[in-house]
Amino acid sequence: MSTPYQKEVLLRPAVEFYSGMVSATSAFFLIAMPGLLMIPWTIAYVAATFFTIIAIYDCYRGYVILRYRRAISRQGPFEIRSHKVPVYEDRLYIGTGFEWGQRHTQRYLDTFDDKYLPFIKKQEFHFARGIQRLFSKIPLLSLISYYLRQTWVLNPWPPVAPLSGDVSLNGVEHHQSKAFLPKSDRRQHTYMAGATGTGKTEAMELMVVQDIHRKSRDCVIVFDPKGSASLLKTMYAESILAGREEDFTVFHLGFPEISAMYNATGNFSRITEVSSRLANQLPDGGDSSAFKEFGWQFINLVVRVSDEMTIPVTLVSIRKYIGDVGPLYLNYSKMSLDRKYGSTWVEWFNDEIRSVVEAEEKSNNRAVIGYLSGRPVEEQAMHNLLRKGQFVLSDSQLFLDLEEVLKMSASHYSKLVASVRPLLDKLTAGQLELMMSPSEAEIESGRRLLEWEQVIRKKGIVYIGLDAMADFTVASAVGNAMLMDFVSTASRIYKEGVLGDTPGGIQSEEIAVWMYLDEVDALVGDEFIPMVNKIRGAGVGIVALSQAVQDFEVALNSVAKQKVIIGNFNNVIMFRVRNKETAALIADQSPTVRVLQLTDITTATDTDNMLDGSLFKSSNEDRSTNTETPMITEWMVMRLPIGQAFASVEGGRLMKLHYPFRVRDYRQLIPDSIVEMAGQMERRYRAGNDWYKQIA
Ligand SMILES: Nc1ncnc2c1ncn2[C@@H]1O[C@H](COP(=O)(O)OP(=O)(O)O)[C@@H](O)[C@H]1O
Ligand SMILES: [Mg+2]
């Protein structure tokens, strides 16, 4: 309104109403009593029209001032019904807002100026809340309390939505519109930061809902380390609404009864991946590094030997051989001897067995080498046989490695595997074993199997609840393993081209895979950096959420790596954060702007010049000062209300966003309890879901 002036002042009395009223009165007199003013009625009518227009214009200007004062002080609820969430084919709706500019900084900084304070009625709202509480229990007066609780036009002090933070940040702009992230930009990855409870997950859900409903039936994968039931329900219900319940798969560590199974070791392009995947979960740094290294080598050995012997690698088998490598050594030796010498070795082996037994009977342990004592007879015999030189396996590196492990002293060995064991124990305990190492029978029985290959090709919707609250190590181990598996699958599919030979698989069209990583710090490991890089090429767009950038530093033990990771996210959406370094991600990108400060200066000086009759001199001036400030400062980011964010998207456009709260009503659709939900899901799955059998 006041842009032509040196400084717009919106926090002031709405004086436009005064002139508006004068014009309106004039118009009234001109029409009602043209004779009084002694002007011909035609001229009176023309003048009246003119005054009316002016009156309307002035009142509108006054209204804008009032509207601004109201918006800067309070904010009504911003809600959207679940089925009204806008869905666009080529872009993602990321909240409603405006591009932040110099004038917004100016307006916001003005709210801290004492002289404008009377026009910011935040105090009034607080006072109204006080009255509301005070009167709520008193008869009759409680009616006032009731009135103050209503959010309708007749209540000027409606309860402010319980969004802590400073609503003025939203009030500085009236003209707000939908903001979007184009598809191509989404592939440049998005990072959302915000302290707990600032609305990250809510905003993420809004995006997930859109992706589920898009006509192109995009593939949506959500990792939820917290395993929150609300997110799961949203995804399930929206899948049903979108007619895609067949595409929906749940994997949830906390609810084995509804969870699909996932073969943690079954499906790899490279064997070493298994070892990396597991070893990645081991503690790092200092002494632990050596153990991690050994853990990797050992798992790798078990996997390679199993592969050579064509026996399936499962978490259970890895755990078994880590407990005792003997049986693997024995079986591998037998197989290799068979291959190399046919059955000639068997007789010699039996002889060795006899001599070991004899020696033991005589309790003459002279012949037993230290590291063999206590080992089963067959293992001792095999070792003796191979030492004699008639049958040689030492040309096989796998055998040498196995032998080396076998020779380790028990105490040394147990120290080395100490770090691997607990993890494998956890991963193979109870229900988890069933979920992570599914048996053929279980798969046949119709239980769902989560396989990334199918998910990507069939454009699935996957929810992965990791239940990190219950056990962080397991959650992060499983999450990490799944993530790595996903990346290797996605890049392979991309390399092969999407024209797979899977019946019903995606044809040549572009893959759109959107992956959401809530609480991403629980999921990152060393492999995360190459992953984010690699995955961009595979048509996958990641949205990662965490509380602060330091989360990455803690997870990766390195500031440098944290910087690399953050650098990989081209879009940043920043909710209220508690630390400066995170806020700086946005603040550092904002240009420096000038804000204007008006100072009234009034002076009065006594004069000693009595001759001209003056007693004092006074002067009055308005002085304007320019100050330079970043357009968005760190502390502004730290004052955002819940559900609001600053964002740097599309290569550096700085936006202020407000996310609508999604009102869910899924009661007609899905049962409230997870257990009942499990029943419903099962019925749905069994009804029409045999696709993986046809393809397997
Ligand atoms: N856009 C929003 N508008 C109003 N309230 C919100 C909004 N987003 C979140 N909230 C409230 O904040 C709570 C926490 O939000 P959530 O998304 O779980 O936070 P975070 O994931 O950052 O910890 C929600 O339960 C909800 O009540
Ligand atoms: Mg959350």
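Please treat every number below as a calculation from the coordinates, not as lab data. Keep in mind the model is a prediction, meaning the values are calculated, not measured. Cβ atoms come from the backbone with ideal geometry, glycine included; neighbour counts cover every protein chain shown.
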- Write down the radius of gyration of the chain and its Dmax, each obtained from C-alpha positions, in Å. 36.2, 142
- Note on the structure: Cβ density ranking, 10 Å radius, fewest first, applied to 639, 339 yields 339, 639
- Message: Through the Karplus equation 6.51 cos²θ - 1.76 cosθ + 1.60, θ set to phi - 60°, convert the phi angles of region 641-646 into ³J(HN,Hα) values in whole Hz; use x for Gly and Pro.
- Response: x, 4, x, 10, 8, 9
- Message: What is the distance in Å between the Cα centroid of region 382-443 and that of region 294-346?
- Response: 7
- Query: Given charges of +1 on the Cβ of Lys and Arg and -1 on the Cβ of Asp and Glu, with all other atoms neutral, how large is the dipole of region 272-427 about its Cα centre, in debye to the nearest 20?
  - Reply: 220
- What's the local net charge at residue 217, with K and R +1, D and E -1, over the other residues with C-beta under 9 Å away? +2
- Query: Against the longest principal axis of the chain, how steep is helix 287-308, in degrees 0 to 90 to the nearest 10, with axes from Cα atoms?
  - Reply: 60
- Query: In percent, what relative contact order does region 322-410 have, based on Cα pairs under 8 Å that are 6 or more apart in sequence?
  - Reply: 44
- Would you mind listing how long region 1-157 runs along its three principal axes, going by Cα atoms, in whole Å with the largest first? 61, 56, 41
- Note on the structure: Farthest towards the positive end of the dipole of the chain, among 100, 409, 321 and with Cβ unit charges of +1 on Lys and Arg and -1 on Asp and Glu, lies the Cα of 100
- Item | Under Karplus coefficients 6.51, -1.76 and 1.60, residue-wise ³J(HN,Hα) of region 459-465 in Hz, glycine/proline x | 6, x, 10, 10, 10, 10, x
- Message: If you fit an axis through the alpha-carbon atoms of helix 472-496 and take the longest principal axis of the Cα set of the chain, what angle between them do you get, 0 to 90°, nearest 10?
- Response: 90
- Message: Taking 8 Å as the Cα distance limit and 6 or more residues as the minimum spacing, I'd like the relative contact order of the chain as a percentage.
- Response: 21
- Message: With N set to the number of residues, divide the alpha-carbon radius of gyration of region 16-73 by 2.2 N^0.38 Å and report two decimals.
- Response: 1.40
- Item | Rounded to whole Hz, the Karplus (6.51, -1.76, 1.60) HN-Hα couplings of region 323-335, x for glycine and proline | x, 8, 7, x, x, 5, 4, 5, 5, 5, 4, 4, 5
- Enter the angle in degrees (range 0 to 90, nearest 10) between the Cα long axis of helix 528-537 and the first principal axis of the Cα atoms of the chain, meaning the one along which they spread out most. 80
- Cut-off under 5 Å, modelled amide H: who pairs with residue 516 long-range: 221, 222, 223, 543
- Message: Test of understanding: ordering 134, 517, 10, 92 by Cβ neighbours within 10 Å, fewest first, what list do you get?
- Response: 134, 10, 92, 517
- Percent antiparallel among DSSP beta bridges with both residues in the chain, to the nearest 5? 50
- Sequence-separation-based contact order of region 553-634, relative, with Cα cut under 8 Å and 6+ spacing, percent: 31
- The residues 600, 114, sorted from fewest to most surrounding Cβ atoms within 10 Å, come out as 114, 600
- Members of 183/292; 183/534; 226/563; 292/340; 320/561 lying beyond 30 Å, as alpha-carbon distances in this model show: 183/292; 292/340; 320/561
- Message: Suppose every Lys and Arg Cβ carries +1 and every Asp and Glu Cβ carries -1, with no other charges. What dipole size does the chain come out with about its Cα centre, to the nearest 20 debye?
- Response: 1800
